[in-house]
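Every number here is computed from the coordinates shown, using simple stated rules; none is lab data. Predicted model, so just to flag it, every value in this text is computed and none were measured. Note that each Cβ is placed from the backbone with ideal geometry, even for glycine, and that neighbours are counted across all protein chains shown.
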Amino acid sequence: MRPLTLPATIPVAGVSFRQGELRDVVEGDHVELVATDDNPHDANAVEIRFAEKLLGFVPRAVAERLRASDAEKWQGVVAEVLRGETWGLRVTVHPDGAELPRSARDMKKRAIERGAQRRVNGEPVPGRDPDAPVTIGKKRVRAIS
């Protein structure tokens, strides 16, 4: 079996059973890939998790190639959230330790925090209350059909 060349963008299997968890994910979010040896359906199973919630699995054929690679751990970035009647997901898999691009969610949070800390002549710039909670909206994307 030929190992999977990384980085690689792959579809996520099993998401139709986890539609609620997909609603929290946006493009650019970092996900965990966890190898599980005790899966009764696939001995080479690799789970894809976000914020400790199971989103789905690496497809069986791809998981076998992924586990045949030299790396024992992997990182992932959400490449695409397919919104429609049933949502889908694509993830770009990187070897563990690779430098991942910043997520849009992190960049927005940092921009809000920087804006709250702006000062002119030692005085805070009016506009945003620095003690207000930081909220992050979800990216709106047109559904692909």
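Computed FRET efficiency, Cβ-Cβ of Asp37 and Glu85, R0 41 Å: what is it to the nearest 0.05? Calculated transfer efficiency: 0.75. Once the chain from Gln19 to Met1 is taken as fully extended at 0.36 nm per residue, the excess over their C-alpha distance is 3.2 nm. A cut-off under 11 angstrom between Cβ atoms defines the neighbours of Ala45, and their net charge, with Lys, Arg +1 and Asp, Glu -1, is -3.
Would you please name the GluC sites (Glu not before Pro) within region 53-100 that are DSSP coil residues with at most 12 other C-beta atoms within 10 Å of their C-beta? Answer in residue order: Glu72, Glu85, Glu99.
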